[in-house]
1. Name the one entry in Ser17, Ser38, Ser69 that is under 22 Å from Pro133 (Cα atoms), modelled with pLDDT of 80 or more and small (Gly, Ala, Ser).
2. Does segment 116-127 include one or more residues that are at pLDDT 95 or above, farther than 25 Å from Asn34 by Cβ and acidic (Asp, Glu)?
3. With a cut-off of at least 3 residues that are under 22 Å from Ser29 (Cβ atoms), in contact with a Leu (Cβ under 8 Å, 6 or more places away or on another chain) and without any contact (Cβ under 8 Å) to a residue 60 or more places away in the chain, name the helices (runs of 4 or more DSSP H) lying wholly within segment 47-154.
4. State which residue is nearest to Leu18 (Cα to Cα) when the search covers only segment 103-120 and only residues that are small (Gly, Ala, Ser) and within 8 Å of the chain's Cα centre (by Cα).
5. So is Gly96 touching a Ser or Thr at 6+ places or on another chain (Cβ under 7 Å), at positive phi and not aliphatic (A, V, I, L, M) or not?
6. Every residue in segment 86-101 that is of a type in the set (Val, Ile, Thr) and more than 17 Å from the chain's Cα centre (by Cα), please.
7. Of everything in segment 74-88 that's modelled with pLDDT of 95 or more and buried (at least 20 other Cβ atoms within 10 Å of the Cβ), which residue is farthest from Gly40 (Cα to Cα)?
Amino acid sequence: MATESQNGTEGQESQPSLNVLAQYIKDLSFENPNAPRSLGNIQNSPQIALTVNVNGKPLGGPDYEVELSIEGGAGEGAGTLFKFELLYGAVIRLAGIPDDNVHAMVMIEGPRLLFPFARQIIADCTRNGGFPPLMIDPIDFVALYRSRLAQAQPTVGQA
């Protein structure tokens, strides 16, 4: 049988939560350096390059800024079709999260919430640049987080 406090809020205060307070484009660039030549009939699928990075910083109290950086392009050198850079940010508020889990929440769950919006912005940019929309596959932010932690760890035996 469940017990209830006098005001009926028992258990609600300790519920972990992550709320997005604001999200925004911090920086956006799209280049179509070889237009209109690049817009012609493309025979082969171009090589797509993609780099993803996540940064987070405390803003004070329970609020954090999360930045999702996605850079990429199609083709290279003289055959470059397009390049883009997107820095998409958000202010998130964490509540009821144990201190030892805050970093992971900011660096994994924050970008996971932002990704669909960033993906749509990039798809719109490539479409508006004259190309088919680039629909980026989902990103494993847990693997990205683990990889970044492993890179930050000093290698045993190195001074």
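1. Ser69
2. no
3. 110-128
4. Gly110
5. It is true that Gly96 is touching a Ser or Thr at 6+ places or on another chain (Cβ under 7 Å), at positive phi and not aliphatic (A, V, I, L, M).
6. Let us first name the residues in segment 86-101 that are of a type in the set (Val, Ile, Thr), namely 91-92, 97.
Residue satisfying the conditions is Ile97 alone.
7. Out of the qualifying residues, it is Tyr88.
Residue-by-condition table, conditions (1) surrounded by 12 or more Cβ atoms within 10 Å (Cβ to Cβ); (2) hydroxyl-bearing (Ser, Thr, Tyr):
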residue: Pro16; (1), (2): no, no
residue: Asn19; (1), (2): yes, no
residue: Lys26; (1), (2): yes, no
residue: Ser45; (1), (2): no, yes
residue: Ala49; (1), (2): yes, no
residue: Asn55; (1), (2): yes, no
residue: Gly61; (1), (2): no, no
residue: Val66; (1), (2): yes, no
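The values are calculated or read from the model by the stated rules, or taken from the named source; none is laboratory data. All values reported here derive from a predicted model rather than from experimental measurement. Note: ideal-geometry Cβ built from the backbone for every residue, glycine included; neighbour counts use all protein chains shown.
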